[in-house]
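The values are calculated or read from the model by the stated rules, or taken from the named source; none is laboratory data. Just so it is clear, the structure is predicted and the values come from calculations on it, not from any experiment. Note: ideal-geometry Cβ built from the backbone for every residue, glycine included; neighbour counts use all protein chains shown. The accessibility values were calculated without ligands, DNA or RNA, using every heavy atom of the protein model including side chains. Shrake-Rupley method; radii C 1.70, N 1.55, O 1.52, S 1.80 Å.
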Amino acid sequence: MCSSSQTHSISVCIITTSRRIPFFLHYCLKSLIQQISFPHQLIIIINGEINEEEIIALKAYIKTLATQGVRVKIIAIHPLAPVGFCRKLAVEFSDHEYIAFVDDDVILEKNWLNNIISSLTYKPDIVGGRVEILCQRFWEPLIKKHPFFTEYVFVKNYLLMRFHGKLSNNIYLVSGIRGLWTNNLTIRRDFLRKIGNFRSLLGYLEDDVGGEDTELKHRAIRNNAKILYNHSAIVYHRVTPSRLSIRYCFRRAWAHGPFYAITISLSSIIKGIIYNSLTTIWYIIIDRNKEGFLSFARTLTLLSALLHCRRTSRFLDRRIERLKQVRYEVIDHI
């Protein structure tokens, strides 16, 4: 049963696609079943085409969680929708005080939820947890060879967080959004109501243009969010070989340009390019390569945003047309 010691109710949301269910979601659900504490509710959103065989395979996990007192909802969306729409829908279907977002390609450390719950005693608006890389052993030499030019710099961003105060051994008050990712992010629902939900038009949609989480986090900062980081609330992000390359990181940085073209003013983009270019040079001079690489990646993103400024209307029009076609249904509810 859900732990009676929980004083704050919590939902867990996982967004997946049909083709990722056997390769990623099953492993994530297995780690959820092995938790010391259980959420009050689990929301699984399948974004895109439904595979009935995979739905049947999910039922075994669902029944196991139901025996632990977890209420489960499986929601199918079709056709494929922006991830921002999926997250917004999850918030609307959540029945509890906090909603914890994790991705389908993470494995939850067995104390993950218990440690998230311990953070809630401080009444935060947002809790970010720690993300570590999980990869097969024969990929490890690649990470060691290029530690700054791989997924490492994105996942390990918590090493560069701005800590504002220490609340306990592993819980910190932080300022800024660096190191906070929606593959391990818990948000208070009342706070989301206050600042507005996720933006439906933003997030991945058959492309590499994300940003629905970044946009929400910027709004949270503007609304004086109380943000905590819990170093003991760990998820392990499963990394594929395609992400262990300089080319991937640069392509990912460039692809985010349209998002920043939509959300940042032209003057801010130009200022950002100048600032990050100078910062990159400075970090190289003082031999701080990790920060230098991150700064260079941000410069690429802002250059891409500058080139996409005149194309934002077409980008948004395509997404608006897609959202007009989107339908969803609750295909299982326990």
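Among the residues of segment 118-129, those that are over 17 Å from the mean Cα position of the chain (by Cα) and open to solvent by 10 Å² or more (accessible area, probe 1.4 Å) comprise Ser118, Thr121, Tyr122, Lys123. Give the residue that is most open to solvent (accessible area, probe 1.4 Å), with candidates limited to residues of segment 242-255 that are in a helix (DSSP H, G or I) and not basic (Lys, Arg). Among them, the one singled out is Trp254. Look at (1) under 18 Å from the mean Cα position of the chain (by Cα); (2) surrounded by fewer than 20 Cβ atoms within 10 Å (Cβ to Cβ); (3) of a type outside the set (Ser, Thr, Tyr) and you find that Arg193 fails only one, number (1). Candidates Arg322, Arg310, Arg314, Arg318: the one that is within 22 Å of Glu215 (Cα to Cα), part of a helix (DSSP H, G or I) and in contact (Cβ under 8 Å) with a residue 40 or more places away in the chain is Arg322.
Summed over segment 256-282, the residues that are part of a helix (DSSP H, G or I) and surrounded by 19 or more Cβ atoms within 10 Å (Cβ to Cβ) give a count of 10. The residues listed here are Ile15, Ile77, Ile44; of these, the one that is closer than 26 Å to Leu202 by Cα, β-branched (Val, Ile, Thr), free of Cβ contacts under 8 Å to residues at least 40 places away in the same chain and open to solvent by less than 30 Å² (accessible area, probe 1.4 Å) is Ile44. Here segment 103-116 is the region considered, the condition is being among the aliphatic types (A, V, I, L, M) and modelled with pLDDT under 95, and the residue that is nearest to the chain's Cα centre (by Cα) is Val106. Number of residues in segment 92-117 that are open to solvent by 10 Å² or more (accessible area, probe 1.4 Å) and part of a helix (DSSP H, G or I): the value is 5. Summed over segment 152-179, residues that are in a loop (DSSP other than H, G, I, E, B) and either at pLDDT 85 or above or over 19 Å from Val239 (Cβ atoms) (or both) total 8. When only residues in segment 215-231 that are touching a helix residue (DSSP H, G or I) at 6+ places or on another chain (Cβ under 9 Å) and open to solvent by 30 Å² or more (accessible area, probe 1.4 Å) count, which is nearest to Asn111 (Cα to Cα)? Step by step, filter segment 215-231, then rank; the result is His231.
Here Ala305 clears all of (1) surrounded by 14 or more Cβ atoms within 10 Å (Cβ to Cβ); (2) over 21 Å from Leu216 (Cα atoms) except the condition numbered (2). State whether the residues of segment 284-295 include one that is within 16 Å of Tyr260 (Cβ to Cβ), surrounded by 12 or more Cβ atoms within 10 Å (Cβ to Cβ) and in contact (Cβ under 8 Å) with a residue 40 or more places away in the chain. Within segment 284-295, one or more residues are within 16 Å of Tyr260 (Cβ to Cβ), surrounded by 12 or more Cβ atoms within 10 Å (Cβ to Cβ) and in contact (Cβ under 8 Å) with a residue 40 or more places away in the chain.
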